[in-house]
1. Can you match volume of the Cα convex hull per residue in Å³ to one of these, [x] 147; [y] 175; [z] 123, based on a calculation from the structure here?
2. Taking 0.36 nm per residue of separation and subtracting the Cα-Cα distance, what length does fully extending Ile171 through Lys124 add?
3. With a cut-off of 8 Å between alpha carbons and a minimum separation of six or more residues, what is the relative contact order of the stretch 3-197 in percent?
4. For the stretch 3-197, give me the percentage of DSSP beta bridges that are antiparallel, rounded to the nearest 5 percent.
Amino acid sequence: MDHGLWTIDQIMSPLKIILASKSPRRQELLRLMDLEFRIVLKEVDESYPDNLAPEEVAVYIAEKKARAFDETVSDEIVLTADTIVCVDDLILGKPENTSHAVEMLQLLSGRMHRVITGVCLLYKHQYHSFYDISEVYFGKLTDDEIRNYVEKYQPLDKAGAYGIQERIGLIGIERINGSYTNVVGLPTEKLYRELLKL
């Protein structure tokens, strides 16, 4: 059979995926890709060296998450990911509290930022890492719009303090250059291609 004609079902049928993420957005994206997976969570220190570029930070943390599984998993694919938001050279992770979330959104208001997701696929003790970058343009947000969003949606589990699929994204984002699913938290097109390579 020509490898170029294989389907994702044929490629993945003998393989099982472990998703090492509690993100409901990533879980839903995998379901929409018709991939079977189970969720296994491990606590990982997400610190990183100060000298890394933003895209290197995202990949570094994704690989760090995967290393937590290296000694216990070999016949399954472990999928880990980390998403960061970058304004100029400033990296925004998850906000520490609601006040911090408001500050982040005020910083993003009326300007472009980059969303970078690093992904690592661990299979048979081999690390397959990649990243994707999307440029997101926010219109000007009022303080009331920001505070109402933070109070209602409590976006403390999201890099940059917002979810593109939630109200703040629907009313505030003017345009995106790049992958939409990358902004959600997982660059599905690149993930699909990388899974085919395995």
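Any read-out appearing in this document is the output of simple, stated calculations on the displayed coordinates, not a laboratory observation. Because the structure is predicted, anything quoted here is derived from the model rather than measured.
1. The calculated read-out lines up with [z].
2. Length difference between fully extended and current span is 12.5 nm.
3. Across the stretch 3-197, relative contact order equals 22 percent.
4. 80
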